1. How big is segment 115-166 by Rg and Dmax over its Cα atoms, in Å?
2. As a footprinting exposure proxy, order Arg269, Arg151, Arg18, Arg81 by other Cβ within 10 Å, with the fewest listed first.
3. What number comes out for the charge environment of Thr116, summing +1 per Lys or Arg and -1 per Asp or Glu over other residues with Cβ under 11 Å away?
4. What Kirkwood radius, in Å to one decimal, follows from the Cα pairs of segment 189-293?
5. Quick one: net charge around Asp184, please, counting Lys, Arg +1 and Asp, Glu -1 for every other residue with C-beta under 11 Å from its C-beta.
6. Hey, quick one: spin label on Glu108, modelled 7 Å out along Cα-Cβ, who in segment 134-168 has an amide N within reach, i.e. under 17 Å?
7. Indicate the helices, whole DSSP H runs only, in the chain that combine a mean Kyte-Doolittle hydropathy of -0.5 or more with a Cα extent along their long axis of 15 angstrom or more.
8. Compute the semi-axes of the equivalent ellipsoid of segment 97-226, taking the square root of 5 times each eigenvalue of the Cα gyration tensor, and list them largest first in whole Å.
Amino acid sequence: MTFNEGGQFEGGRVRTRRGGAVAGGGIGIGAIAAFLIYQFTGVDLSPVLSGAGGGGGTSQEQEGTVADCTAEEANADRECRLSATVQSLDAYWVGVFDASQSQFVQPEVYSFTGGTSTGCGQASSSTGPFYCPPDQGIYMDLGFFDLLQSRFGASGGPLAEMYVTAHEYGHHIQNITGVMERADRGGSGAESDSVRVELQADCYAGMWAGSAATTVDPDTGTTFLEPITEAQLADALSAAAAVGDDHIQEQSGGSVDPHTWTHGSSEQRQRWFMTGYTEGTPQACDTFAAAEL
Ligand SMILES: [Zn+2]
């Protein structure tokens, strides 16, 4: 996925937090789940991140924002890519909300390293990318994209990274449209609301991707992205497959147990992304109405 030549992305949209302390050497999913965050995967990354970002509680968090980026920088640098992707998502979802004459609110987006405090409690990189409903914040440690390849076996690539961002943005859409409030997030299992919420976020990510090459940047009047190539789409689908609950269970040496699923299988995550990609409507992404997930 490539940003169009001549694109310019204003700074300030994504906030940065560097070197925040990781309380107690890292808080995994178990501790933070009480706050109902919405993660990209259903897995605690602390075993593969042991020692990462551990400042022993003495480090000083430094705050800033991602600066202005050109399209060239967005194509080369992860933080610029995140900033440009978020602005593309903003423009896309504003259009969807305008069409249905409803009120749109942008999410906050944070790129952090180590640990950071959020409206959902103290988080660390071991949480992976997540959305926190109370502060409407998307929290991303960009090092996760390396893990997506090394730990989960995805093929990598820019559209894979954008898919992760677009998935978390999808959770924000669910928050402001009331889907989250209506969903019962207590349960797990292949037919659970938890899985329906996650597959819908994948579908929303696909909606954005399907329109990303035709969405116009209101600041510059040019489209954000060049048309997606087959190879780039394959990268996004590879990432979706890598974080399927069945794949993660197989990888960790356990048996595949759909009763414990929270995010859906590899096949489901790919298929719902593609449903959004090809259909392009919120109605097509109604996983709660779907007879079969
Ligand atoms: Zn999610």
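1. Spelled out, the Cα radius of gyration and Dmax of segment 115-166 are 11.8, 33 Å.
2. On the way: Arg269 30, Arg151 18, Arg18 15, Arg81 24.
In order of increasing Cβ crowding within 10 Å: Arg18, Arg151, Arg81, Arg269.
3. Numbers: positive: Arg15, Arg17, Arg18; negative: Glu61, Glu63, Asp141.
Result for the neighbourhood of Thr116: 0.
4. Hydrodynamic radius (Kirkwood, Cα pairs) of segment 189-293 is 14.5 Å.
5. Numbers: positive: Arg182, Arg185, Arg196; negative: Glu181, Asp193.
Result for the neighbourhood of Asp184: +1.
6. Residues 134-141 fall inside that zone.
7. On the way: long enough: 78-99 (31 Å, 0.14); 158-176 (27 Å, -0.34); 193-211 (27 Å, -0.06); 230-242 (18 Å, 0.68); 266-279 (20 Å, -1.65).
Span-like helices in the chain: 78-99, 158-176, 193-211, 230-242.
8. Values: eigenvalues 105, 86, 53 Å².
Values for segment 97-226, descending: 23, 21, 16 Å.
Only the coordinates and a few stated rules stand behind these numbers; no lab work does. Quantities reported herein were computed from a predicted structural model and do not represent experimental measurements. Virtual Cβ from ideal backbone geometry, glycine too; neighbours counted across all protein chains shown.
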